[in-house]
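This report refers to the structure that appears directly beneath it.
The values are calculated or read from the model by the stated rules, or taken from the named source; none is laboratory data. None of these values were measured; they are calculated from a predicted model. With ideal geometry, Cβ positions are generated from the backbone for all residues, glycine too; neighbour counts draw on all protein chains shown.
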Amino acid sequence: MKKSGAEFRQWRNKAVTLLGMSGVGKTTLAHILPHHKWFHYSGDYRIGTRYLNEPICDFIKHQAMQQEFFRDLLRRDLIYIGNNISINNLTIVSHFLGKIGNPELGGLSVNEFKRRQRLFREAEIQAMRDVEEFIHKARDIYRYPNFINDAGGSICELGESECWRLLSQKTVVLYLQASDEMEQMLIQRARAHPKPLYYEERFLEQHLAEFLQSKRLHSADEIVPDEFVQWIFPKLITHRKPQYERLAERYGYAIDAKRIFELRDEQDFIELVCAAAAV
């Protein structure tokens, strides 16, 4: 929803959805806001604990079954494997997504990679549909007056009109817009620490074919997984940027992401939103 600065300031029960690439400050902002007043809803946490919990556990079991010792214990039901994800450590979701490439280097086949990507997309849609329910839970059960939806970087690619209708009706959408300098920082980070990510399928197919041709490889099984992630990440930023901008223009506001790291408290955040609404 769109609100004027005065309306947002006077809004008794504020609810905000954050958009932007991983690393622009969404979770940082959620931690700046007073924990006793703002319910922090992490889309990736909901995905990992609710909608991908079973596939993640199956993935871990599959890894464990490669070793005879654990294989025997699992078959005899002598050990239990569970997903111990936390809101501050979502690494297991990334491990489940995996990276496309040479299986001897830990890579996934194209078919398996796409299967996990589709599971993640459906999980993210469901997690965003749950936002309305959790707004009510936060207020009625846990007594939090305000709500912040820390959405994943790939939310711009859901293509779910019903999902966005719900989010725009219940929350103010804020796009944390990275400057050119910040984008370069994110690219350097991705090169140093390549992280598994979600890619819209047409985008993946187009750039996978381009990568194979540029490297003169015959199949995805020859790809060094980290190299593909490093190569595609700058293109992913370029691909997502106009999508974020369209969503912000239609449903909310854009905020210079670097301002997030200058905030001291909740009042600074409210003033920042009010200034964005006045533009």
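Rundown of residues vs (1) surrounded by 13 or more Cβ atoms within 10 Å (Cβ to Cβ); (2) aromatic (Phe, Trp, Tyr), yes/no style:
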{"position": "Val16", "(1), (2)": "yes, no"}
{"position": "Ser22", "(1), (2)": "yes, no"}
{"position": "His35", "(1), (2)": "no, no"}
{"position": "Tyr51", "(1), (2)": "yes, yes"}
{"position": "Ile60", "(1), (2)": "yes, no"}
{"position": "Ala64", "(1), (2)": "yes, no"}
{"position": "Phe70", "(1), (2)": "yes, yes"}
{"position": "Asn83", "(1), (2)": "yes, no"}
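Among residues belonging to the stretch 66-103 that are of a type in the set (Gly, Ala, Ser) and at pLDDT 95 or above, point out the one that is farthest from Lys26 (Cα to Cα). Break it down stepwise before answering.
The initial filter retains those residues of the stretch 66-103 that are of a type in the set (Gly, Ala, Ser), namely 82, 86, 94, 98, 101.
Now narrow it down to the ones that are at pLDDT 95 or above: 98, 101.
Values: Gly98: 23, Gly101: 30 Å.
Selected residue: Gly101.
Could you tell me which of the residues Thr27, Thr17 is in a strand (DSSP E or B) and out of contact with any Cys (no Cβ under 6 Å at 6 or more places or on another chain)?
Sole residue among the options that is in a strand (DSSP E or B) and out of contact with any Cys (no Cβ under 6 Å at 6 or more places or on another chain): Thr17.
Among the helices (runs of 4 or more DSSP H) contained in the stretch 86-174, which hold 2 or more residues that are surrounded by fewer than 17 Cβ atoms within 10 Å (Cβ to Cβ) and either in contact with a strand residue (DSSP E or B) (Cβ under 8 Å, 6 or more places away or on another chain) or not hydroxyl-bearing (Ser, Thr, Tyr) (or both)?
The qualifying helices (runs of 4 or more DSSP H) are 110-129, 131-140, 161-170.
Determine which member of the set Ala220, Ala257, Ala248 is of a type outside the set (Lys, Arg) and within 16 Å of Met185 (Cα to Cα).
Result of the check over Ala220, Ala257, Ala248: Ala257.
Of all the residues that make up the stretch 8-42, how many are farther than 20 Å from Lys137 by Cβ and without any contact (Cβ under 8 Å) to a residue 60 or more places away in the chain?
2
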